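Undergrad: Got a structure here, written out as structure tokens. Questions coming.
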Amino acid sequence: MTPLPKRKTPKAKQGQRRSHLALTPKALMNCPQCGSAKLQHHACTNCGTYAGKEAIEIKSPKKK
């Protein structure tokens, strides 16, 4: 048999144990070319530029 806890863990003790598990928001910045929000050190998903140069080619959406 596996061991069982002798007493119920208080909610305050659970909170102390889980205090470092909080999520942090993603670090976003504005693209200098188009102004849309993008991740730092990544190519812009809207215009495809990185460090002032075109890094990826963005295809325009299909029109019906």
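Undergrad: Give just the number: which of (1) in a loop (DSSP other than H, G, I, E, B); (2) surrounded by fewer than 10 Cβ atoms within 10 Å (Cβ to Cβ) does ALA43 not satisfy?
TA: (2)
Undergrad: One residue is enough: does region 8-30 have a residue meeting the conditions touching a Lys or Arg at 6+ places or on another chain (Cβ under 6 Å) and closer than 30 Å to PRO61 by Cβ?
TA: no
Undergrad: Given (1) loosely packed, with under 11 Cβ neighbours inside 10 Å; (2) part of a strand (DSSP E or B), identify the lone condition not met by LEU23.
TA: With (1) loosely packed, with under 11 Cβ neighbours inside 10 Å; (2) part of a strand (DSSP E or B) applied to LEU23, the lone miss is (2).
Read-outs: derived from the displayed coordinates by stated rules, not from any lab. Note that the structure is a prediction, hence the values are computed from the model and not measured. We place every Cβ from the backbone using ideal geometry, glycine too, and count neighbours over all the protein chains shown.
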